[in-house]
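To keep things clear, I will list the structure first and then write my remarks on it.
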Amino acid sequence: MASLACVASGIARPERPRARSGARKGAPRTVTTRSCSNRDARTVEPPRMTLDSDPEHDEARDVSRDVPDFDSRRLGRRRLALGALGASLGSGLALLCQTEPALALVDEANATRVFETASRSVVSLAVYDPNGANGGYTPRGTGVVWAAFEQGGFVVTSFHVVKDFVPGSPSKGSDDKKNRDASQRRLRVNVPAEKGGDPRNATWYDAVVVGTQRASDVAVLRLISPAGDVEGDVDVESRVSRPAALPLGSSGSLRVGQSAYVVGAGDVKGADSLKGAYSPQTTMSAGVISGLRRSVPSKNGTTIRDAVQTDAEIPESSAGAALVDSNGRLIGVAVTTYGNTVSPGLGFAVPVDDLLKIVPALITLHQIS
């Protein structure tokens, strides 16, 4: 109404001062809204500033805060790297705790099949003395059935295991008493019971040496007949275990890293007794082929050449044991070395390809060398 009155009276209305273009940015200003009656005025104030604040400098400081300096960027990168490392370690530990145990290096199912296949063809050797302890049996080593009893009953073993029973070997004693005692001692072979049979039905056979090759530490035995403790038994044929020949493999195709198993006689210290007599056990150790064409010293003072090296354990009781592949086929006959020239944990075997040349000659020609 006041403005209308001014117009009606011809008095010019005073103009409102306009905001200077050069006014400082951010200066406080009051915005007033009026209704028709000029009531309910509301005032909107900008954010408060301190007395010493400068809008232009404040904006510059705000921009500087948004752009970090070099040190802060480097520190940030370090923190990010440490955070990522911690996260990866934490996730790795959590994954390690949650993952299932790693599979064994040995295939359990296949190892069981190999043992069932080869154990029937691995025999224990012992010296029988009727005046000795443990039923007269002294463990002597291991042998591998080369031919079934019907085909001659030949067993391959190590020379140093049976050297005392080689024809023409010098007697350890010189007097008559020692010679008589030596004549009572016999070399015997224990043939395991047939598959599924009672282990107590294993049969002892008398054996003789038919050929040897001292340089390779190889000897061939022949099974004569079941031992005298079953003579006169009318039911002997139904209880006698017949030796089964072990299938032959090839050592020429062996590769380092492939699986290998040593099947031999149990450790002498762990042998059980059955009715006061020595009861042999068949054991197996697993490993890999770790070397080929090795030269190792034998216990005969010779050097075995082209030997197969394995990390499967070969104790002295397993001298002459079978080294077989994953299919249970013979790839070598285990030998034990002389002295400390060989690193512990390594075993050696005469390769089967060499045995295929040596054994038939020893059987046919009865060579003793």
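The values are calculated or read from the model by the stated rules, or taken from the named source; none is laboratory data. None of these values were measured; they are calculated from a predicted model. Backbone-built Cβ (ideal geometry, glycine too); neighbour counts: all protein chains shown. Accessible surface is based on the protein model in full, side chains and every heavy atom, while ligands, DNA and RNA are left aside. Shrake-Rupley method; radii C 1.70, N 1.55, O 1.52, S 1.80 Å.
In the set Ile358, Ile331, Ile289, only one residue is open to solvent by 10 Å² or more (accessible area, probe 1.4 Å) and either in contact with a Ser or Thr (Cβ under 7 Å, 6 or more places away or on another chain) or closer than 14 Å to Arg214 by Cα (or both); that residue is Ile358. Against the list (1) touching a residue at least 24 places away in the same chain (Cβ under 8 Å); (2) part of a strand (DSSP E or B), the condition Ser317 fails is (2).
If you go through the range 149-164 and keep only what is at pLDDT 90 or above and closer than 17 Å to Ala202 by Cβ, you end up with Gly153, Val155.
Any idea which residue in the range 107-122 is modelled with the lowest pLDDT, counting only those that are of a type in the set (Val, Ile, Thr) and surrounded by 15 or more Cβ atoms within 10 Å (Cβ to Cβ)? The extreme case among them is Thr117. Pairing residues of the range 241-256 that are touching a residue at least 12 places away in the same chain (Cβ under 8 Å) with residues that are open to solvent by 60 Å² or more (accessible area, probe 1.4 Å) and part of a loop (DSSP other than H, G, I, E, B), at Cβ distances under 7 Å and at least 6 apart in sequence or on separate chains, gives Ser241/Glu194; Pro247/Arg329; Leu248/Arg329; Gly249/Arg329.
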